[in-house]
Amino acid sequence: MNIKCIRTHHVRCQLDNPFGFSQWFYDQRNVLLVEVVAENGVTGWGECYGPASVIEAAIEKFYAPKILGMNILSTETIWHHMWRASLDFARSGVMMAGMSGIDMALWDAKGKVLNQSVSQLIGGAARDKVPCYATGMYYLDLPEDVLLDKLVEEAVSYAEQGFKAMKIKVGKNVEFDEKLIVAMRKALPTTILAADSNHAYDLPEAIKIAKILDENDYAWFEEPLSPEHPELFTKLHEKANVAIATGECEQTRYGFQRLIAAGGIQLVQADLAYCGGISEGLKIRSLASANGLNMIPHVWGTQLNLAAATHFLGTAYNEPGRAEEKKLFLEYDRTENPLRDELYKVNVQVIDGEAIVPTGPGLGVEIDTTKLKDFVVNQTETNWAASVKQIAQ
Ligand code: MG
C-alpha cells in the first residue's frame, strides 16, 4: 500500500471569452493536477490552486521524492512529514498549494483502497445534497452601461436554472459597484445574493459598499479588504451588519488562527486545493467551529476541488446547530472553464442548483485520461527510485 509514483499534469485551456474581476482579466485557465499511485495500482487524484508550473516544481523537485514509499493511507503522517520538511522556508505560499494537491490525492486514494467515499472517511455525510450558489458575473470588456445589463441578464439566467443563491463581483469602481448591487437586488428580489471584491477596497470604500449591501439584503461581503490587514475587518464589522467572509488567500490552521483571532469575520473560506488540503481543511473547520463560525470552502478550479468541497459541506456541522438548519452553500463557479466541464467522465452532479454528494469511492469524480491529452501542457513523474523524468513537454 506504499506510494510507488507521483505524477503531475499541468492542464491549460484558452478561453473563448476572456473575463475579469477587480484585479485583472483571465484569457486562459491553468491547473496542476496531482496523481498518486500505490504499489497495488490504486490511483488518487488531487488538484492545486495557484500558478501551475511553479507548484509543479514544488511537487516534482521537493515533496514527491520525500514521500515515495510511505503508506498511501497515512494522510496525517504524510502531511506532517511534508510540513516539517519545508517548515523553515515555506510555511505558506505556493508550496502549500503543492501539499494541498498531494493531500487531496491521498484522500481520493484512501477512499478507493477502503471502498468508501471521502464523506464517509471524514465522518459521514449529514446530507445527500448541498445547495449551490452560482459564482459568476465577472466583467467583460464592455462600456459600463452595457456591462451592467449583461451581468444582470447572466444572474437572471442562473435563477432560471434553479439557483437560489449567487455571488457577484464588485471592486471595479465604487460608483459602478453601487449601481450593480442595486440592479441585481431589483432584478432578483428573493434570491440570496453575495458580493466579492477580491480585496479591492480600502476601509472607507469597504464601509460605504458594506452599507449598500446591508440596504439591499446581501448575505455576505467577500474579501472586502486586503488579507494583509486582518485588523481592519473588525473596524469594518463595527460599521456594517453584512456578514464578512474571507480566507481564500489564507492557509493552514496557523494562518486561520491569526485571521480569526483578529476578529470581524463571520464566514471562513479556505480553499481545499490551497489551504493545506482536506487534512488541514478539517482542522481549519474545527478552528472556525470553536469560534462559532462556519467554513464554506472557496472553489475555483476543476471537478476534484469541487468534489472535495461537496464532501466537506456534505459532512458539515452547521454553527450553531438547530432543527431547521441555516444552509451552507457550495461555491459553484459558472465561468467558462473546459477544464471543469470537459476533462472528466464522472462529474459532481448539480441538479436544480443542488450538488449531489458523491457516493463512489474516494472523491467520486473521474478524469477522462483521453481528454487529458487534449489539455495537458506538461507532465512529470517521480517514481520509486526517486528518479525524476520529464515525460512530456
Ligand atoms: Mg472570492
>> Quick check on Arg258: is it without any contact (Cβ under 8 Å) to a residue 12 or more places away in the chain and of a type outside the set (A, V, I, L, M)?
In response: no
> Based on what the data block shows, is Leu267 within 16 Å of the ligand (Cβ to nearest atom) and buried (at least 18 other Cβ atoms within 10 Å of the Cβ)?
Replying inline: yes
>> Testing Thr315 on (1) within 16 Å of the ligand (Cβ to nearest atom); (2) surrounded by fewer than 24 Cβ atoms within 10 Å (Cβ to Cβ); (3) farther than 23 Å from Tyr158 by Cα, one condition comes back false. Which one is that?
In response: (1)
> When the range 278-310 is examined, which residues are found to be in a helix (DSSP H, G or I), touching a strand residue (DSSP E or B) at 6+ places or on another chain (Cβ under 7 Å) and in contact (Cβ under 8 Å) with a residue 40 or more places away in the chain?
Replying inline: Gln303, Leu304, Asn305, Thr310
> Of these, Gly171, Gly162, which one is farther than 20 Å from Leu15 by Cβ and within 16 Å of the ligand (Cβ to nearest atom)?
Replying inline: Gly171
> Can you tell me which residues in the range 66-111 are assigned to a helix (DSSP H, G or I), surrounded by fewer than 18 Cβ atoms within 10 Å (Cβ to Cβ) and among the polar types (S, T, N, Q)?
Replying inline: Thr77
>> Within the range 295-309, take every residue that is within 16 Å of the ligand (Cβ to nearest atom) and of a type outside the set (Val, Ile, Thr) and give me the one that is most open to solvent (accessible area, probe 1.4 Å).
In response: Trp300
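With the structure loaded, tell me whether Glu354 is in contact (Cβ under 8 Å) with a residue 60 or more places away in the chain, more than 16 Å from the ligand (Cβ to nearest atom) and crowded, with 24+ Cβ neighbours inside 10 Å or whether it fails that test.
Spelling it out, it is not the case that Glu354 is in contact (Cβ under 8 Å) with a residue 60 or more places away in the chain, more than 16 Å from the ligand (Cβ to nearest atom) and crowded, with 24+ Cβ neighbours inside 10 Å.
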> Out of all the residues in the range 273-294, which are away from the ligand (no atom under 14 Å from the Cβ) and open to solvent by less than 10 Å² (accessible area, probe 1.4 Å)?
Replying inline: Gly276, Gly277, Ile278, Ser279, Glu280, Gly281, Ile284, Ala288
> So which strands (runs of 3 or more DSSP E) stay within the range 167-257 end to end and still have 2 or more residues that are of a type in the set (Asp, Glu) and either open to solvent by 60 Å² or more (accessible area, probe 1.4 Å) or out of contact with any helix residue (DSSP H, G or I) (no Cβ under 8 Å at 6 or more places or on another chain) (or both)?
Replying inline: none
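Listed here are the residues, each with its yes/no results for (1) surrounded by fewer than 23 Cβ atoms within 10 Å (Cβ to Cβ); (2) hydrophobic (A, V, I, L, M, F, W, C); (3) modelled with pLDDT of 95 or more; (4) in contact with a Leu (Cβ under 9 Å, 6 or more places away or on another chain).
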site	(1), (2), (3), (4)
Ile3	no, yes, yes, yes
Asp16	yes, no, yes, no
Asp27	yes, no, yes, yes
Trp45	no, yes, yes, yes
Lys61	yes, no, yes, no
Ala64	no, yes, yes, no
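Being out of contact with any strand residue (DSSP E or B) (no Cβ under 9 Å at 6 or more places or on another chain) and in contact (Cβ under 8 Å) with a residue 60 or more places away in the chain: is that true of Gln251 here?
Here the answer is yes, as Gln251 does meet what is asked.
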>> Just to check your reading of the model, which residue among Ala323, Ala316 is without any contact (Cβ under 8 Å) to a residue 24 or more places away in the chain, among the small types (Gly, Ala, Ser) and part of a loop (DSSP other than H, G, I, E, B)?
In response: Ala323
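The values are calculated or read from the model by the stated rules, or taken from the named source; none is laboratory data. Everything numeric here is computed off the predicted structure, so don't read it as measured data. Neighbour counts run over all protein chains shown; Cβ positions are idealised from the backbone, glycine included. Calculation scope for accessible area: heavy atoms of the full protein, side chains included, ligands and nucleic acids excluded. Shrake-Rupley method; radii C 1.70, N 1.55, O 1.52, S 1.80 Å.
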